[in-house]
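K.L.:
Below you'll find the structure I mean.
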Amino acid sequence: LGDPVFEPTFGWQGYPQTMQTLSDELLSSSLIDAMDAQAGDIENEYRFGKEFYPYQHQHAAWSLLSQQPPQSIVVTSGTGSGKTECFLVPVLDDLVREIQGSDKPLVGVRALMIYPLNALIASQRDRLNAWTTNFGQTVRFCLYNGTTPLKVPAWQRKETMNQVLDRESLRKSPPPILVT
């Protein structure tokens, strides 16, 4: 066996302002509240607290994607550096701003997230659930793949108002976020 190799890794550069200070300046305060929320009494591992400092590359992505017209970006960064938040937060922000002043659900796909593996699709479920639960049925998502059932019982659909669970519901009222 060879000698062990240790390589130091450095933290990603933080942005100097908290999520709270970005409220309404860059991101909707409703979205920041939803990302800060706890999932009931259980610690939410996807909680992005108001007191958190986003990374510099996240803030740069959010700024570019909030411009009109939005700019294209490529994010290259290490594992666990928050690349998903670079695109998901602006998508959710657009949807939240679209529903402001209305309690009608958004109908029709506005964001299509394509992943090469079902395991990657499933990994987004908890994050999307944590960040859209506070919006009830107004900002919904669907994880659509070969295992998506044709129909689930009505009681099950009522338990997860923010997630479309079956193909029948997906066809009847497509959610704004489709992950496939």
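K.L.:
What percent does the relative contact order of the range 1-94 come to when contacts are Cα pairs within less than 8 Å and at least six residues apart?
P.N.:
Answer for the range 1-94 is 29 percent.
K.L.:
Another question, if that's okay. Show me the GluC sites (Glu not before Pro) within the range 14-121 that DSSP assigns to loop and that have at most 14 other Cβ atoms within 10 Å of their Cβ.
P.N.:
Qualifying residues, ordered by number: Glu25, Glu43, Glu45, Glu51.
K.L.:
A follow-up question, please. Using only alpha carbon pairs under 8 Å that are at least six residues apart, calculate the relative contact order of the range 84-180 and give it in whole percent.
P.N.:
Averaging sequence separation for qualifying contacts and normalising by length gives 38 percent for the range 84-180.
K.L.:
Next up: Beyond 24 Å, what share of the Cα-Cα pairs of the chain is found? Please give it as a whole percent.
P.N.:
When all Cα pairs of the chain are counted, 42 percent exceed 24 Å.
K.L.:
Quickly estimate the mean residue ellipticity at 222 nm for the chain, helices only: each DSSP H run with n ≥ 4 gives -39500 (n - 2.57), and the total goes over all residues, rounded to 500.
P.N.:
About -10500 deg cm²/dmol.
K.L.:
With +1 on the Cβ of every Lys and Arg and -1 on the Cβ of every Asp and Glu, and nothing else charged, how large is the dipole of the range 75-117 about its Cα centre, in debye rounded to the nearest 20?
P.N.:
100 debye
K.L.:
Would you work out the charge dipole size for the range 97-136 about its Cα centre, treating the Cβ of every Lys and Arg as +1 and the Cβ of every Asp and Glu as -1, and quote it to the nearest 20 debye?
P.N.:
60 debye
K.L.:
Another question about this same structure. Using Cα pairs closer than 8 Å and at least 6 residues apart in sequence, work out the relative contact order for the chain, in percent.
P.N.:
21 percent
K.L.:
Please quote Rg/Rh for the range 6-105 to two decimal places, taking the Kirkwood radius as Rh and restricting both calculations to Cα atoms.
P.N.:
We get a ratio of 0.99 for the range 6-105.
K.L.:
Quick one: accessible area per residue over the chain, 1.4 Å probe, rounded to a whole number of Å²?
P.N.:
Ligands and nucleic acids excluded, the figure is 59 Å² per residue.
K.L.:
Under a straight-distance cross-link criterion of Cα-Cα below 25 Å, which lysines are reachable from Lys50, leaving out those fewer than 8 residues away in the same chain?
P.N.:
Leaving aside lysines fewer than 8 places away in the same chain, those within reach of Lys50 are Lys83.
K.L.:
Could you rank the peptides 167-176, 28-37, 70-79 by their average count of other C-beta atoms within 10 Å per residue, with the highest value first?
P.N.:
28-37, 167-176, 70-79
K.L.:
Could you please state how large a percent of the accessible area of the range 86-161 is carbon and sulfur, counting protein chains only and using a 1.4 Å probe?
P.N.:
So the carbon and sulfur contribution to the accessible surface is 56 percent.
K.L.:
Quick one: net charge around Pro176, please, counting Lys, Arg +1 and Asp, Glu -1 for every other residue with C-beta under 14 Å from its C-beta.
P.N.:
In short, +1.
K.L.:
Give, as a single signed number, the net charge of other residues whose beta carbon lies under 12 Å from the beta carbon of Met113, with Lys and Arg counted +1 and Asp and Glu -1.
P.N.:
+3
K.L.:
Within straight cross-link reach of Lys151, meaning Cα distance under 19 Å, which aspartates and glutamates are found once same-chain residues fewer than 8 apart are removed?
P.N.:
Output for Lys151: Glu159, Asp166, Glu168.
The values are calculated or read from the model by the stated rules, or taken from the named source; none is laboratory data. Note that the structure is predicted; figures quoted are calculated from it, not measured. For neighbour counting, all protein chains shown are included, and Cβ atoms are generated from backbone atoms with ideal geometry for every residue, glycine included. Side chains included, ligands, DNA and RNA excluded: accessible areas come from the protein's heavy atoms. Shrake-Rupley method; radii C 1.70, N 1.55, O 1.52, S 1.80 Å.
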